[in-house]
Amino acid sequence: MKISHLKIKFLKALEGEYPPEEAGSFFNLLAEAYLKKTRLEIALEPNAPVNDKKLSLFDAAVERLMNHEPIQYIIGETEFFGLKFRVNENVLIPRPETEELVQWILEDVRRNDASAKLKILDIGTGSGCIAVSLAKLLPQATVSAMDISAKALEVAKENATLNAAEVNFIEADILQQEKLEEKYDIIVSNPPYVREIEKKEMQRNVLEHEPATALYVKDLDPLIFYNKITKLATGTLNPGGCLYFEINQYLAEDTRELVEGFGFTTTLKKDIFGNHRMLKGIWK
Ligand code: GLN
């Protein structure tokens, strides 16, 4: 089949299920992954043949898309901070907001002393996107990353290897920790923070396919992770050390109060969408 025909067939199959622009961008991503062709190449070579093996890959992708599986899981890969990350249903797909959190840390570190031998801990690392990009971009730092899920850690380890980044991985449930074993200069976390009542705002691809343990908290105790992590941080951060959180936009003030209550000096930061999405706490 010609590539131009494949594209028409693909878009037709997803009609009604996705807006045409979104279906078009899925096609481009899949063509890049399966055929190693860019959008431009497809436009310039509409008659290029696609063999049966490749066609069946597109058929399988259509089936998964009809089931609203995220395109990143179908391709098995995504980009975060300009780096490639493997992803599957055991890890949350890295979000652009989280890139902003990494950017904030990098700016602070570079402004202070880029050559400092910092010790960094990422709690709830998932795909490893925060830990791996920090380890890659701050080669003088020692980065550790914790997660409750052994399956997520498998993906995170693969991502560290893929990006030639050195990260020390720890399998543990943060809520069960009495204290942290080591001292750190930076603790960063993008913990679960979506309340059950917020599920109605969410899309099927997230609700039905991304790991619930990475996303949701109880309506009555939505800051459970922030409380636990901040408490542990008080006993383990070096003086002047920092806590960086991705936060629930609707709970920004509550989260700030909680962190201040432990004795941190805090700053809130908005994401590209204008929502309060990040919080920094400086330890005295
Ligand atoms: N920002 C993510 C979402 O909207 C949630 C991430 C998290 O719970 N830590 O799906």
(message) Given R₀ = 35 Å, what would the calculated FRET efficiency be for residue 157 paired with residue 11, taking r from the Cβ atoms and rounding to 0.05?
(response) 0.40
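Rounded if a/c is under 1.5, else prolate if a/b beats b/c, else oblate: with a ≥ b ≥ c from the C-alpha gyration tensor eigenvalues square-rooted, which is the chain? Intermediate results must be reported in sequence, preceding the final value.
Working: a/c = 2.38, a/b = 1.86, b/c = 1.28.
Prolate is the answer for the chain, as a/c is 1.5 or above and a/b outweighs b/c.
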(message) Give the separation of the Cα centroids, the range 1-43 to the range 218-235, in Å.
(response) 44
(request) Taking the dipole about the Cα centre of the chain, with the C-beta of Lys and Arg at +1 and of Asp and Glu at -1, give me whichever of 165, 192, 10 is farthest to the positive side. (result) 165
(request) Report the extension gain between residue 45 and residue 202 in nm, rounded to one decimal, defined as 0.36 nm multiplied by the number of residues separating them, less their alpha carbon distance. (result) 52.7 nm
(message) For Cα pairs less than 8 Å apart in space and 6+ apart in sequence, what is the mean separation divided by the residue count of the chain, i.e. the relative contact order in percent?
(response) 14
(message) With angles folded into 0 to 90 degrees, how steeply does helix 20-30 sit against the dominant principal axis of the chain? Use alpha carbons for both and round to 10.
(response) 90
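Taking 20 °C and 1.002 mPa s as the conditions, I'd like the Stokes-Einstein D for the range 235-284 in µm²/s, using the Kirkwood hydrodynamic radius from alpha carbon pairs. Please report the intermediate quantities before stating the final value.
Values: Rh = 11.0 Å.
Rounded, D is 195 µm²/s.
Per-residue counts of other Cβ atoms within 10 Å, averaged by peptide: what ranking do you get for 126-132, 237-243, 35-41, highest first?
Working: 126-132: 29.6, 237-243: 18.3, 35-41: 13.1.
Ranked by mean Cβ neighbours within 10 Å, highest first: 126-132, 237-243, 35-41.
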(message) At q = 0.11, 0.12, 0.14, 0.24 Å⁻¹, what log₁₀ I(q)/I(0) does the range 1-105 have when each alpha carbon counts as one equal point scatterer in the Debye sum?
(response) -0.38, -0.45, -0.60, -1.35
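Which value, in debye to the nearest 20, describes the size of the charge dipole of the range 103-242 about its Cα centre when Lys and Arg Cβ atoms bear +1, Asp and Glu Cβ atoms bear -1, and nothing else is charged?
Dipole of the range 103-242, to the nearest 20 debye: 240 debye.
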(message) If every alpha-carbon in the range 139-284 counts as one equal scatterer, what log10 I(q)/I(0) does Debye give at q = 0.13, 0.14, 0.17, 0.21 1/Å?
(response) -0.65, -0.75, -1.11, -1.48
(request) May I ask for the angle, rounded to the nearest 10°, between helix 252-261 and the longest principal axis of the chain, with both axes built from Cα atoms and the value confined to 0 to 90°? (result) 30
(message) Helix 224-234 against the longest principal axis of the chain: what's the angle in degrees, Cα atoms only, rounded to the nearest 10?
(response) 50
(message) So, R0 is 30 Å and r is the distance between the beta-carbons of residue 68 and residue 220; what FRET efficiency does that work out to, to 0.05?
(response) 0.55
(request) Evaluate the distance, in nm, between pseudo-label points positioned 7 Å from the Cα of residue 57 and of residue 175 along their respective Cα→Cβ axes. (result) 4.1
(request) Order the peptides 199-211, 53-65 from the highest to the lowest mean number of other Cβ atoms within 10 Å of their residues. (result) 53-65, 199-211
(message) Compute, for the chain, the length of the dipole vector about the Cα centre, with Cβ point charges of +1 (Lys, Arg) and -1 (Asp, Glu) only. Units Debye, rounded to 20.
(response) 560
(request) Taking the Cα centre of the range 12-154 as origin, sum charge times position over the Cβ atoms of Lys and Arg (+1) and Asp and Glu (-1), and report the length of that vector in debye to the nearest 20. (result) 580
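Using only DSSP helix segments of four residues or longer, with each worth -39500 (n - 2.57), what per-residue ellipticity at 222 nm results for the chain after dividing by its residue count and rounding to 500? All intermediate terms of the calculation are to be shown ahead of the outcome.
Details: 12 runs with 120 residues, N = 284.
Per the formula, -12500 deg cm²/dmol.
How high is the relative contact order of the range 1-156, in percent, counting Cα pairs under 8 Å that sit 6 or more residues apart?
On the way: 172 pairs, mean separation 26.8, N = 156.
In percent, rounded to a whole number, it is 17.
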(message) Let me check against my output: what whole-number percent is the relative contact order of the range 161-284, with C-alpha pairs under 8 Å and at least 6 apart?
(response) 26
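Bear in mind these aren't lab numbers, they're just calculated from the coordinates by the rules spelled out. Remember, predicted model here, so these are calculated numbers, not experimental data. Please note: Cβ atoms are built from the backbone with ideal geometry, for glycine as well, and neighbour counts cover all protein chains shown.
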